Amino acid sequence: MNTFEDKIQPGDTVPVTTYKAARAVAGVVESHFEKHHVSAIKHYEQEVAPRPNAQIIEAIIDTTFWASLRREEGRSPKVSIAFLAPENSESPLIFGERLKFTANVLTKLAPAVERSGIHLGVWFYENELYIWGTTRHIPGLCFVLEVIEPGMLVIKHRRVDGFGKFVNVAVLKGDQVKIINEESGKVRDCPSLISSMIGFTSSSLWNDSLNVLVQLSVSMRDHGRGGILLVVPSKSQDWRESIIHPISYAVQPAFSELAELHKQHSGELTPVLWQSKLNSAVNNLAGLTAVDGATIINDKYELLAFGAKIGRSPNGKPVEEMLVTEPIIGNRGVVVHPVQSGGTRHLSAAQFVHDQHDAIALVASQDGRFTIFSWSGCENKVQAHRVDALLL
């Protein structure tokens, strides 16, 4: 297996960094990649990307951060950096001459690579970082740094199996650093959806990255209009007690395109065709959440209604408190009233889960916040999981 340590020798130098958060997070990120390289070697046959050390991580973050604050022709750069050599990539576009990895060069190149799925390839040559070209295909566990907005960066990597959303490792915004806590998925009453977003199961094996709810969450957040997705049990109709009738946009019979595609993953379609059809179905359903009201699906991914109004169950009591958590290191849950955590969407979602303990609610805000509501039997209250950092 390729490792970056083969490239760095005693005495090699890297650029001096001035962005303090880069230095603060570099060691933790290095440990993350080291840990999961070891896990991948044990459980997967696929080749994985070379892993960077803390010096290189710090240097890449520092240069990219300062580039993100610049403007080219009135626009801020949005770029994705992948740390790998050309030979580690499939069908790379290689420049005739390598370009020094500097903030100025990044700003100039950004317009050509700002579309989703394109990465600038960066590698270490002769004691310096250089941009060698671009790539759309990177191996599992490849270190990726993406600029979300000026001063806001996300460290992530591709899953070993190649499907689904990249796994986020840390989010940096100015001097604020959020490091994803992989242990969050192991806490009691934590929905399996959280574990899938984080990217790992409790046994440290790679999780099923094809979790449909993860992709729905990403698509809901991307449309930017806000929305609610309720996931109810397929074997019960109790959820109807918490919905105001008649439902404006009921779906009869239940629309099962997503459910059928989820079943087909066993091999009825080629992986590329299946993924394409799944993405289309996910975006179609997620688009319905932009309509005022709640979109409702069951645990088989069948669409039951959209634009539905949530009301308190006849036998229910008003929700008065919930436990707010965020899956980042150092976070501690805080008990608050639902109105302290958001607007009417958050309050209605919390009330729905308060009445329907076997349901979950996914809430996207227009400002990019994303919250998953579930019932905690241990705490005997609604839990609100803030997962923005997992979806960037």
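The values are calculated or read from the model by the stated rules, or taken from the named source; none is laboratory data. As the structure is a prediction and not an experimental result, all values here were calculated from the model. We place every Cβ from the backbone using ideal geometry, glycine too, and count neighbours over all the protein chains shown. The accessibility values were calculated without ligands, DNA or RNA, using every heavy atom of the protein model including side chains. Shrake-Rupley method; radii C 1.70, N 1.55, O 1.52, S 1.80 Å.
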Exercise for review: Looking only at the stretch 249-257, decide whether some residue is within 27 Å of Gly368 (Cα to Cα) and in the same structural domain as Ala364 (by the TED database).
Suggested key: yes
Practice item. State yes or no: is Gly133 in contact with a Pro (Cβ under 7 Å, 6 or more places away or on another chain), of a type in the set (Gly, Ala, Ser) and farther than 20 Å from Lys35 by Cβ? Key: yes
Review point. In the stretch 266-297, what count of residues is obtained for those that are modelled with pLDDT of 95 or more and touching a Leu at 6+ places or on another chain (Cβ under 8 Å)?
Key: 8
Practice item. Would you point out the residue of the stretch 63-118, among those that are modelled with pLDDT under 90, on the phi > 0 side of the Ramachandran plot and of a type outside the set (D, E, K, R), that is nearest to the chain's Cα centre (by Cα)? Key: Gly117
Check your understanding: For the stretch 308-318, does any single residue satisfy the condition of being hydroxyl-bearing (Ser, Thr, Tyr) and under 29 Å from Ser248 (Cβ atoms)?
Key -> yes
Exercise for review: Scan the stretch 100-122 residue by residue and report those that are of a type outside the set (A, V, I, L, M) and either outside the structural domain of Arg158 (by the TED database) or not in a helix (DSSP H, G or I) (or both).
Suggested key: Lys100, Phe101, Thr102, Glu114, Arg115, Ser116, Gly117, His119, Gly121
Practice item. Give the residue that is farthest from Met152 (Cα to Cα), with candidates limited to residues of the stretch 373-392 that are in contact with a Lys or Arg (Cβ under 6 Å, 6 or more places away or on another chain) and open to solvent by 20 Å² or more (accessible area, probe 1.4 Å). Key: Cys378
Point to revise | Matching residues, the stretch 7-29, being open to solvent by less than 50 Å² (accessible area, probe 1.4 Å) and modelled with pLDDT of 85 or more | key: Tyr19, Ala21, Ala22, Val25, Ala26, Gly27, Val29
Point to revise | Residue, farthest from Ser68 (Cα to Cα), within the stretch 128-170, restricted to residues that are of a type in the set (D, E, K, R) and part of a strand (DSSP E or B) | key: Glu128
Review point. Restricting the search to the stretch 314-343, which residues are polar (S, T, N, Q) and either farther than 14 Å from Val363 by Cβ or over 25 Å from the mean Cα position of the chain (by Cα) (or both)?
Key: Asn315, Thr325, Asn331, Gln340
Exercise for review: Run Val160 past the list (1) surrounded by 16 or more Cβ atoms within 10 Å (Cβ to Cβ); (2) under 14 Å from Ile81 (Cβ atoms) and report the number of the one that doesn't hold.
Suggested key: (2)
Practice item. Quick one: Asp175 ticks every box in (1) under 27 Å from Pro271 (Cα atoms); (2) modelled with pLDDT under 95; (3) not small (Gly, Ala, Ser) except a single one, so which number is it? Key: (1)
